[in-house]
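To start, the structure itself, in structure tokens.
Readers should treat all values here as calculations from the given coordinates under stated rules, not as data from a laboratory. What you see is a predicted model; the values in this text were computed from it and never measured. A quick note on method: Cβ atoms are made from the backbone with ideal geometry, for glycine too, and the neighbour counts reach across all protein chains shown.
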Amino acid sequence: MCEAEITEVRARYVHNLLALGELRLVTADPVQAWRLADRALRLEPFEPRGHRLALAAALRARNPQRTAETRARVLDSLRQLGVRPDPATEILLRQSVSS
């Protein structure tokens, strides 16, 4: 396989992890949704969709420790990139403070 193919397969894998995680989230399995988001973020640490899924799953699981850790991870990634969160991520970040 050439490097371009490897990159494409990796991107598809991350996309599929996140799609499966989103399905787990809406079928009331936030723990598994968070695990899938975490796996995706280990491969693509700056993937906004992965951060949103991880934060939404932590909130849905009502796990204050995981929510705080996930929030810190999101904020750290944003800081490293020097960007502000998109509107959807901003909403989840606000919810994570009040949880």
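What the table below lists for this structure:
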| quantity | calculated |
| --- | --- |
| Low-density loop positions, chymotrypsin sites (Phe, Trp or Tyr not before Pro), the range 1-82 - DSSP coil, at most 10 other Cβ in 10 Å | none |
| Dipole of the range 3-98, positive end: most advanced residue of Leu53, Ala68, Gln32 [Cβ charges, Cα centre] | Ala68 |
| Computed magnitude of the charge dipole of the chain (debye, nearest 20; Cβ of K, R +1, Cβ of D, E -1) | 420 debye |
| Shape call, the range 1-44: gyration tensor on alpha carbons, a/c limit 1.5 | prolate |
| Mean separation of Cα contacts under 8 Å, 6 or more apart, over the residue count of the chain: relative contact order % | 22 percent |
| Highest average packing first - 14-24, 84-94, Cβ atoms within 10 Å | 14-24, 84-94 |
| Shape category assigned to the chain from the gyration tensor of Cα positions, a/c cut at 1.5 | oblate |
| Theoretical ellipticity at 222 nm over the chain - DSSP helices of four or more residues, -39500 (n - 2.57) apiece, nearest 500 | -27000 deg cm²/dmol |
| Residue (of Ala4, Val14, Ser96) at the positive-pole extreme of the chain, dipole from beta-carbon charges | Ser96 |
| Among Arg62, Arg12, Arg35: highest mean-square fluctuation, GNM of the chain, C-alpha pairs under 10 Å | Arg12 |
